[in-house]
Structure formats: C-alpha cells, structure tokens
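Report on one structure; see the data block that follows.
The values are calculated or read from the model by the stated rules, or taken from the named source; none is laboratory data. Please read these numbers as outputs of a predicted model, since none were measured by experiment. Note that we place each Cβ from the backbone using ideal geometry, even for glycine, and neighbour counts take in every protein chain shown.
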Amino acid sequence: MKKRLENFNYDMIQNVMSNTIKNKKGLFLTQEFAIINGEGASDMFRYMLSRKAPLFINDYRIGIVIKGDVRVNINLIDRHIVDGSLVFITPGSIVQPISIEGDLNIMGVAVFNDMLLPAGRIPQILKGEIRDFQLPVKYENIVWLRQLVNIIWQLVHSSSWNRDVFMSLISSMLWFYDDCYQLSVSHAVSPSHTASIFQRFIALVNSHCRTEHQLAFYADRLCVTQRHLGVVIKQVSGLTAKGWIDRALINEAKVMLKHTDMTVVQISDTLNFPNPSFFAKFFKRHANLTPVQYRLQ
C-alpha cells in the first residue's frame with residue numbers, strides 16, 4: 001500500500017521534541033499548530049541538518065529570527081538568513097538546511113491545516129503567488145512581533161483560551177508580514193529583464209518539475225526561445241537551465257526516498273521518467289549514489 005508523503009509536520013515535530021530537544025520550555029505543540037518561543041529552535045534545526053536530506057513542508061511557517069545565522073536551501077535557492085529577519089514559507093515547499101552558526105533563537109508559528117485561510121479578504125502573501133520570502137526588517141518591527149508572539153504564547157497557556165482570539169492574533173501577524181513584504185517590494189529596485197526571467201523560470205520549475213523535464217515547456221511558458229532562455233539562465237545564475245530542472249528533480253526524488261515508503265519504480269513513475277532504469281542512472285549521475293544506496297545511507 002502506498003503511504004502518503006511524510007511531511008515535517010506535527011508527527012515529526014512531536015518525535016523530535018520527545019527524543020532530541022533538550023529545552024522544551026519554548027515549544028508548544030497541538031495537532032493544529034505549533035508555537036516556538038525560545039531557544040529550542042537550535043535543537044530543531046540541528047536535527048533537520050543531521051538528516052542530510054530535503055524536507056517537505058506542507059503547512060505555513062511564520063517566523064522571526066531573533067538570534068543566530070543560518071544557511072538553508074528553500075525551493076531550490078540558497079538563502080542566508082540572519083538575525084532580525086522575517087521568514088515565511090508556504091505549503092509545498094522543499095527545505096534543506098545547510099549550516100547553522102551560533103545559538104539559533106526563533107519565534108514563530110507553524111499551522112498544520114487551513115485555519116489560516118478565513119473567508120473574506122486575505123493578505124496577498126496567502127493567495128498562492130508567493131512561495132516564500134526571507135526579509136530583514138527594522139528593529140522596532142522585530143520588537144512588535146516578539147510582543148505579539150508572546151501574547152499568543154500566553155493565550156494558549158491560559159486555562160481556557162479562545163480560538164477566535166487566537167485566530168485574530170495570527171491574522172494580525174500575517175497582515176503585518178504582508179505589509180512588510182509589500183513595502184519591501186515597492187522600495188526594491190525593479191529587477192532587470194533577465195533577472196525577471198530567471199525568477200519566473202525558477203517559480204515554474206518548482207511547480208512543474210515532476211512532470212516537465214524539457215526546456216521547451218518552460219521556454220514556451222515564458223514566451224522566449226529555448227536558446228534565449230538557456231543563455232539568460234546561465235548568465236544570471238551560472239548554472240544551465242537544464243541544471244536547475246535536474247536539481248529540482250533530484251530534490252523531489254530525495255524527499256520521496258527519505259520520507260516515504262514508495263518504491264523506486266513508484267518514484268520513477270511519479271517523476272515522469274520513461275522507466276526505473278533511466279531514473280536510477282539519472283539519480284546516480286547527480287547524487288553519486290543509486291536511489292537504494294541513498295535511501296539506506
């Protein structure tokens with residue numbers, strides 16, 4: 001029987017809290033949401049780092065980096081996130097920690113269901129157009145958000161906390177993130193034409209790499225020739241367009257090998273390879289291991 005993909009979700013966080021994290025005082029976990037309000041983040045991140053594999057995030061992560069310095073690959077792009085930054089990650093993201101410096105202190109919320117999506121007007125960042133962002137903000141913004149997370153923390157620890165009040169506070173946090181993001185976009189220098197093509201290309205690769213492996217599909221969607229797209233991507237990133245597609249495919253394959261019980265044949269089929277042998281050769285060429293060796297290492 002094929003099982004669902006194991007996410008970095010409630011079950012995994014609960015397991016990490018039980019077996020790995022020494023300082024649990026700053027962590028609060030339910031089947032609907034998790035709150036981190038202390039230095040337990042350092043243990044959590046080091047656990048993710050120790051897995052040496054991408055992790056599938058299928059929920060919303062809204063965080064503030066209070067202290068520490070991390071490098072992480074989010075949706076194919078390497079990010080360097082420093083203290084004083086907002087972090088926003090949407091469902092369907094693939095995250096792979098790279099390194100951590102110092103004691104990491106993060107405050108924030110993870111939401112495991114659709115409780116973030118109320119009826120009526122919603123922030124732009126929840127409309128599906130933004131996959132993730134990491135954004136340094138002013139000190140006073142960090143202070144305000146820390147106070148808000150502390151209020152949420154105190155609320156859920158009260159003897160009879162109210163869900164509607166909880167959702168109102170989360171909504172306030174999201175609208176504040178949305179405001180910070182929109183402000184950063186409005187003040188940013190407009191990207192060049194080539195940089196814009198690269199950003200749109202990466203967004204398409206993140207969305208379609210499982211089924212579309214050929215450059216022609218992406219060139220058609222971007223209304224450019226394959227040759228022009230190849231030149232632009234190489235010029236902007238230093239990596240070929242096909243290299244980005246292959247990197248996305250390898251990430252997807254690694255997630256499935258590490259976090260599901262799908263067979264190599266099933267993974268090959270899911271990723272739209274012509275046959276398992278072709279998939280195995282492709283994987284070994286890029287990962288220096290066969291799919292089975294990677295799963296067992």
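Look at residue 199 and say whether it is closer than 22 Å to residue 74 by Cβ, modelled with pLDDT under 95, of a type outside the set (Val, Ile, Thr) and surrounded by fewer than 18 Cβ atoms within 10 Å (Cβ to Cβ).
Taking the combined requirement at face value, the residue satisfies it.
Do we have any residue at all in the stretch 182-193 that's surrounded by 15 or more Cβ atoms within 10 Å (Cβ to Cβ) and within 23 Å of residue 78 (Cβ to Cβ)?
For the stretch 182-193, residues surrounded by 15 or more Cβ atoms within 10 Å (Cβ to Cβ) and within 23 Å of residue 78 (Cβ to Cβ): absent.
Could you list, in sequence order, all residues of the stretch 31-61 that are surrounded by fewer than 20 Cβ atoms within 10 Å (Cβ to Cβ), within 17 Å of residue 156 (Cβ to Cβ) and at pLDDT below 80?
38
Would you mind telling me which numbered condition in (1) within 30 Å of residue 241 (Cβ to Cβ); (2) of a type outside the set (A, V, I, L, M, F, W, C); (3) assigned to a loop (DSSP other than H, G, I, E, B) residue 160 fails?
Looking at each condition in turn, residue 160 falls short on (1).
Sort out which residues of the stretch 150-173 are among the hydroxyl-bearing types (Ser, Thr, Tyr) and without any contact (Cβ under 8 Å) to a residue 40 or more places away in the chain, and write them in order of number.
158, 159, 160, 168, 172
Filter the stretch 78-99 down to residues that are in contact with a helix residue (DSSP H, G or I) (Cβ under 7 Å, 6 or more places away or on another chain) and farther than 24 Å from residue 112 by Cα, then give me how many there are.
Matching residues across the stretch 78-99 total 1.
Outside the structural domain of residue 208 (by TED's automatic domain parsing), surrounded by fewer than 18 Cβ atoms within 10 Å (Cβ to Cβ) and among the polar types (S, T, N, Q): which single residue out of 96, 134, 124 fits that description?
124
In the stretch 54-98, how many residues are in a strand (DSSP E or B) and either free of Cβ contacts under 8 Å to residues at least 60 places away in the same chain or under 20 Å from residue 129 (Cα atoms) (or both)?
Of the residues in that region, 31 qualify.
Taking the criterion of being in contact (Cβ under 8 Å) with a residue 40 or more places away in the chain and among the small types (Gly, Ala, Ser), would at least one residue in the stretch 101-124 satisfy it?
Scanning the stretch 101-124 turns up at least one residue that is in contact (Cβ under 8 Å) with a residue 40 or more places away in the chain and among the small types (Gly, Ala, Ser).
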